[in-house]
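Contents: one structure, followed by commentary.
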Amino acid sequence: ARCGAMPLSSNWTTITGAKSATDDDDTSEVECPAGYELTGCQCFSPWMSCDGASIEDNTCKAWNKHEGQGVYSVARCAIIPEVCNQSPANWVDTGGRTCEDYR
């Protein structure tokens, strides 16, 4: 796991994709809403059918295992201000704070 603080982020939400089909390597896929960043991706299956999950092209993708009963992709999404995605030379003031205040 990678952990870190994102104090200027907001509206954190978890979005679950539709259930996959049950063939080997069938997938469930989900994307974050417009304006949100995909910060995490995992596989969920009440039938213990997960065969992995990853982020591909800003999509959370989960795989069903051989003889699995289906999986759900689970994306973690948030609004992350552009100020936190810039190099230090480009940081701008945001309500009197910048990302530099938190480093």
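Residues in segment 56-77 that are surrounded by fewer than 17 Cβ atoms within 10 Å (Cβ to Cβ) and within 14 Å of residue 16 (Cα to Cα): none. Counting only residues that are surrounded by 11 or more Cβ atoms within 10 Å (Cβ to Cβ), assigned to a loop (DSSP other than H, G, I, E, B) and at positive phi, segment 3-41 holds 1 of them. Here residue 44 fulfils each of the conditions (1) open to solvent by 60 Å² or more (accessible area, probe 1.4 Å); (2) modelled with pLDDT under 95 apart from (2).
The values are calculated or read from the model by the stated rules, or taken from the named source; none is laboratory data. What you are looking at is a predicted structure, and each value in this text was computed from that prediction instead of being measured. Glycine also receives a Cβ, built like all others from the backbone with ideal geometry; neighbour counts cover every protein chain displayed. For the accessible areas, the whole protein counts, side chains as well, though only heavy atoms, and no ligand, DNA or RNA atoms are used. Shrake-Rupley method; radii C 1.70, N 1.55, O 1.52, S 1.80 Å.
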